[in-house]
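Following: one structure in C-alpha cells, then a few remarks.
The values are calculated or read from the model by the stated rules, or taken from the named source; none is laboratory data. If you're wondering where the values come from, they're calculated on a predicted model, not measured in any experiment. Note: ideal-geometry Cβ built from the backbone for every residue, glycine included; neighbour counts use all protein chains shown. Ligands, DNA and RNA are stripped out before the accessible areas are found, and what is left, the full protein with its side chains, is counted by its heavy atoms. Shrake-Rupley method; radii C 1.70, N 1.55, O 1.52, S 1.80 Å.
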Amino acid sequence: MNIKMRAGVAMIAVAVTFTGVVVAPPPVQAQGLLDALFKSPAQRQREKMARQRARPEAVTAAQPAKPVKPVARIKGPSYHTYKPDTLVTVDFNKLSDPVVTGAIDDMGLSPLGIDPFAEGRPVLADLSLRALPETAKAVIDHYSTDPRYLWVAGTSVTERARAVVAVLEDADAVGLSAADYKVEVPDDAFDVTRGTERQEQLMAFEMKLSVAVTDYILDATRGRVDPNRISGYHDFKRKNPDLADRLEAVAKAADPAEALLAQNPQGAHFEALKAELKRLQDLDEGERVNIAEDLLLKPGRSNPELSKVMAAIALKGSDALKADHALVLASYAGKPEYDDEIVALVKDFQKEAGLKPDGVVGPATRRALVGITNADKIEKVLLAMERSRWLPGVLASRRVFINQPAYTATYYNGGKAELSMRVVVGKKSNQTNFFDDEIELVEFNPYWGVPQSIIVNEMLPKLRADPSYLDRLGYEVTSGGRAVASSAINWNTISKTSHIGVRQPPSDGNALGELKILFPNSHAIYMHDTPSKSFFQRDSRALSHGCVRLQDPRAMAAKVLGTSVADIGSYIAGGRNKQVNLPSKIPVHVAYFTAWPDEHGKVEYFSDVYDRDNYLRRAIDATEKARTS
C-alpha cells in the first residue's frame with residue numbers, strides 16, 4: 001500500500017469532531033469515500049455532469065403536480081342575427097339614349113317608323129327603381145341585348161302584362177308578399193296630344209313590371225331568406241337561376257301568368273300547403289279550451305285542471321270516441337279525481353292523436369287537447385312554404401324525406417309514400433342539421449367512428465379518471481393514425497385539437513346497431529339502427545347526438561337498395577362488416593317542417609322542437625323591413 005492510500009485509509013478510519021468524540025463511519029459510506037478519493041478527474045467530471053442533469057428532474061419530481069385544466073368543450077353551430085339581402089338601385093343609365101330625344105314632333109307624336117322603345121328611352125335617365133342585386137343585373141342584361149318592349153304594344157299595356165300583374169298581386173297566396181312586387185298599371189285612356197308623356201309612362205311601367213317579375217322569380221325559386229344566414233344548422237347552396245333567360249321565357253310563354261306561377265315549387269306538397277293556407281284564411285278562429293301549460297296529470301291523482309281536459313276531449317274527440325265513452329262524458333260533474341274510467345277515455349283520445357296511450361296528460365297530450373289557433377297554423381304554413389323553396393323545385397319521385405319535427409322518415413317511389421317509420425333525431429343541444437344530400441351506400445355490422453365532440457365532451461372526463469375505460473368497453477383507439485391501447489395515452493394532455501381516434505367495432509352493443517345508411521356530408525349525419533329501441537315509443541324523440549335513428553332500419557335499407565328484407569338479414573347474419581353501394585344514388589332531405597302534408601294531402605302540424613320557426617320568422621321580418629325602408 002503506497003503512502004497516499006495509507007493516508008486515505010487513515011482519514012476514513014477515524015473522524016474527529018470539534019468535541020473530540022471519535023466516530024467511525026459505516027462501512028458503505030467508507031467505501032464510497034474511498035472510491036471518491038481514487039477516481040480519475042475524467043470520472044469525477046462525468047459524474048458531476050450526470051448529477052447536474054438529474055437535479056432538475058429531482059426538483060420537478062418534488063414539486064406538487066399542477067392541476068389538469070379542463071378541455072374546452074366542442075360546441076355545435078350557433079344561430080345568427082339575420083342579415084337580409086340589400087336592395088340596390090337599378091342602373092338604367094346603361095340603357096338610356098339621349099340622342100333620340102329629338103325624334104318627337106311639336107305635337108308630342110313620334111314620326112312614322114320610330115321604334116316605340118327608343119321613344120321611351122329618355123325617361124330611363126331619371127327612373128329610380130330598387131331591386132335585388134341579381135334582378136338589377138338581369139334586367140339590364142336583357143334590355144341591353146334585346147331593347148324591345150315585353151309588356152307594351154303601341155300605346156297600350158298588353159293583356160299578357162295584366163295577367164302577370166294579377167299573379168304579382170296574389171303573391172300572398174303562395175307565401176310571398178304582394179307588397180314586394182307592387183306595380184301600378186297605367187290607365188288605358190290618355191291624351192293623344194301628349195304622346196311623349198305617354199311613352200315615358202309606358203317605359204316606366206315596362207321597367208317596373210320587369211323588375212317586379214324578376215324579383216318574384218328569384219323569391220319564388222329560392223325563397224326570400226338565405227337559410228345559411230339563420231344558423232350553422234342550415235346547409236343549402238343558394239339557388240342562382242338565369243334570371244334574364246327566365247324573364248324572357250315568362251314574357252313569351254303562351255300563358256305568362258301560369259309560367260310565372262310555375263316558378264314556385266311544384267308538386268303535391270306545395271299544392272297542399274297552398275290549399276291549406278286558403279282554407280285557414282277562410283275559417284273563423286273557432287272554439288278552444290285553454291289548459292295550464294305545466295299540467296302533468298297521472299292516473300290516480302287529483303287536479304282541478306281535469307275539468308278542462310274533459311271539456312277539451314268533448315270538443316276535440318271524434319264522434320266514435322265520444323260514442324264509446326258517452327256515459328263517462330255525460331256523468332262527469334267536474335270532480336278533480338282522475339279515476340280509471342276517465343283514464344280509459346284519455347288513453348283512447350291519445351290513440352286517436354297518435355300519442356303513446358299511457359293515460360298521462362303531459363305536454364304532448366295537452367297540445368293535442370288544446371290544439372293550435374288558426375293564426376298559429378297559418379304562420380306554420382307560411383314558414384313551410386318558405387322552407388319548401390330551399391328544396392329542389394321539383395322533388396324526385398324516388399326519395400327519402402326525413403321531417404325532424406314529425407320524427408318520421410318516409411321512402412317515396414313513383415312519387416308515392418311506400419314506407420314511413422318513426423325516427424329519433426338530435427337533442428336540442430345536438431341538433432340535426434337541415435340539408436339535402438344523396439344516399440350512396442349501406443354499411444352492415446358497422447363500425448361507429450366516435451365524433452370528436454363525444455370524445456372531448458363526454459369520454460375525456462371519464463378517461464382522465466380511468467385511462468383503461470375504452471379498453472374495457474372494447475373500443476379501438478388510434479393516436480396519430482397508429483393503434484394504441486386506451487391506457488397507454490396520457491389523457492390529461494389531450495385537447496380538442498389532438499389527433500385521437502376512437503371507434504367501436506361491430507357488436508350486439510354497437511351504438512349503430514345492425515346497419516347504417518350513408519349519405520356522406522360534412523355534418524357526419526346518417527341514418528342507422530340503434531340498440532335503444534324503447535326510445536321509439538316516446539312522443540318526443542329528440543334524443544340523439546344528431547344522427548337519425550330508424551325504427552325499422554332493415555325495411556329502409558331494403559327500399560334504398562331495391563332488395564328484400566330477407567336479403568338485408570343475410571348481410572347482417574354473417575356478423576362481418578360489409579358495405580354495399582346503391583345501384584343509383586337516391587336524394588334524401590333531412591328536413592325541418594312544422595307543417596307538412598301527409599300522403600293523403602292533409603296538412604299536419606308539429607311542435608317546433610328546435611325553436612327554428614321563431615328564427616325564420618325574425619329573418620322574414622328583417623327581410624320585409626329592408627325591402628320597405
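Can you give the local net charge around VAL609? Use residues other than it whose beta-carbon is closer than 11 angstrom to its beta-carbon, Lys and Arg +1, Asp and Glu -1. So the environment of VAL609 carries a net charge of +1. One Cα centroid belongs to the stretch 203-221, the other to the stretch 439-454; the line between them spans 48 Å.
Label zone of GLU159 (point 7 Å out along Cα→Cβ, amide N under 17 Å): in the stretch 184-227 this covers 188.
Over the stretch 282-420, what is the relative contact order in percent, taking alpha-carbon pairs closer than 8 angstrom and at least six residues apart? Mind showing how you got there, number by number?
On the way: 143 pairs, mean separation 32.5, N = 139.
Dividing the mean separation by the residue count of the stretch 282-420 yields 23 percent.
With a Förster radius of 41 Å applied to the C-beta separation of GLN579 and GLU352, the computed FRET efficiency comes to 0.45. Seen from a random direction on average, the alpha-carbon convex hull of the stretch 350-391 projects onto 4.0 square nanometres.
Within straight cross-link reach of LYS252, meaning Cα distance under 15 Å, which aspartates and glutamates are found once same-chain residues fewer than 8 apart are removed? LYS252 reaches ASP146, GLU159, GLU206. Principal-axis analysis of the Cα atoms of the chain puts helix 3-13 at an angle of about 80° to the longest axis. Helix 195-222 and the longest principal axis of the C-alpha atoms of the chain enclose an angle of approximately 40°. In the calculated pair-distance distribution of the chain, the portion above 50 angstrom amounts to 39 percent of the Cα-Cα pairs.
Per residue, the accessible area of the chain comes to 51 Å², computed with a 1.4 Å probe over protein heavy atoms only. According to the Cα-based calculation, Rg over Rh for the stretch 264-316 is 1.24, with Rh computed by the Kirkwood formula.
In this calculation the C-beta distance from PHE190 to LYS237 is compared with R0 = 41 Å, giving a FRET efficiency of 0.30. Cα centroid separation, the stretch 256-330 to the stretch 114-129: 55 Å. In plain terms, the C-alpha convex hull of the stretch 426-541 casts an average shadow of 8.5 nm² when viewed from every direction.
Net charge around ALA292, counting only other residues with Cβ within less than 10 Å of its Cβ (Lys, Arg = +1; Asp, Glu = -1)?
Result for the local shell: -1.
Exposure here means at most 11 other Cβ atoms within 10 Å; with GluC sites (Glu not before Pro) in a DSSP loop as sites, the longest stretch of the chain lacking them is 294-629. Farthest towards the positive end of the charge dipole of the chain, among the residues SER486, ASN581, MET310, is the Cα of SER486, using unit charges on the Cβ of Lys, Arg, Asp and Glu. Listed cross-link partners LYS356/LYS516; LYS278/LYS559; LYS308/LYS380 are compared with a 32 Å cut-off, the Cα-Cα value being larger for LYS278/LYS559.
Which percent of the accessible area of the chain is formed by carbon and sulfur heavy atoms (probe 1.4 angstrom)?
For the chain, the apolar C and S fraction of the accessible surface comes to 53 percent.
For LYS625 and ALA524, what is the calculated FRET efficiency with R₀ set at 41 Å and r taken between the beta-carbons, to the nearest 0.05?
On the way: r = 37 Å, r/R0 = 0.90.
After rounding, the FRET efficiency stands at 0.65.
Each 5 Å bin from zero up to the one holding the largest Cα-Cα distance in the stretch 482-629 carries the following percent of pairs: 1, 6, 11, 14, 15, 15, 12, 10, 7, 4, 3, 1, 0, 0. Please identify which residues in the stretch 340-354 have an amide N closer than 11 Å to a label point set 7 Å out from the Cα of ASP324, following the Cα→Cβ vector. Under 11 Å, as judged by backbone N against the label point of ASP324, lie 344-353 of the stretch 340-354. Spatially, the stretch 550-629 and the stretch 369-401 are offset by 13 Å when compared through their Cα centroids.
The per residue volume of the convex hull around the alpha-carbon atoms of the stretch 556-629 is 199 Å³.
Using the structure shown, list the pairs from LYS137/LYS182; LYS182/LYS208; LYS94/LYS137 with a Cα-Cα distance above 18 Å, or answer none.
Numbers: LYS137/LYS182 20 Å; LYS182/LYS208 9 Å; LYS94/LYS137 11 Å.
Cα-Cα > 18 Å for LYS137/LYS182; rest within.
Restricting the stretch 522-558 to trypsin sites (Lys or Arg not before Pro) that sit in a DSSP loop and have at most 16 other Cβ atoms within 10 Å of their own Cβ leaves ARG538.
The mean sequence separation of alpha-carbon pairs under 8 Å and at least six residues apart, normalised by the residue count of the chain, gives a relative contact order of 14 percent.
For LYS237, give me every one of the lysines with a C-alpha distance below 18 angstrom, ignoring sequence neighbours fewer than eight places off in its own chain. Those lysines meeting the cut-off are LYS83. In terms of overall dimensions, the C-alpha atoms belonging to the stretch 187-334 reach 85, 45, 27 Å along their principal axes, ordered largest to smallest.
This model, with +1 at the C-beta of Lys and Arg and -1 at the C-beta of Asp and Glu, gives the chain a dipole about its Cα centre of some 5480 debye. Within straight-line reach of LYS602, meaning a Cα separation under 14 Å, sit the following aspartates and glutamates at least 8 residues removed in sequence or on another chain: GLU271, GLU276.
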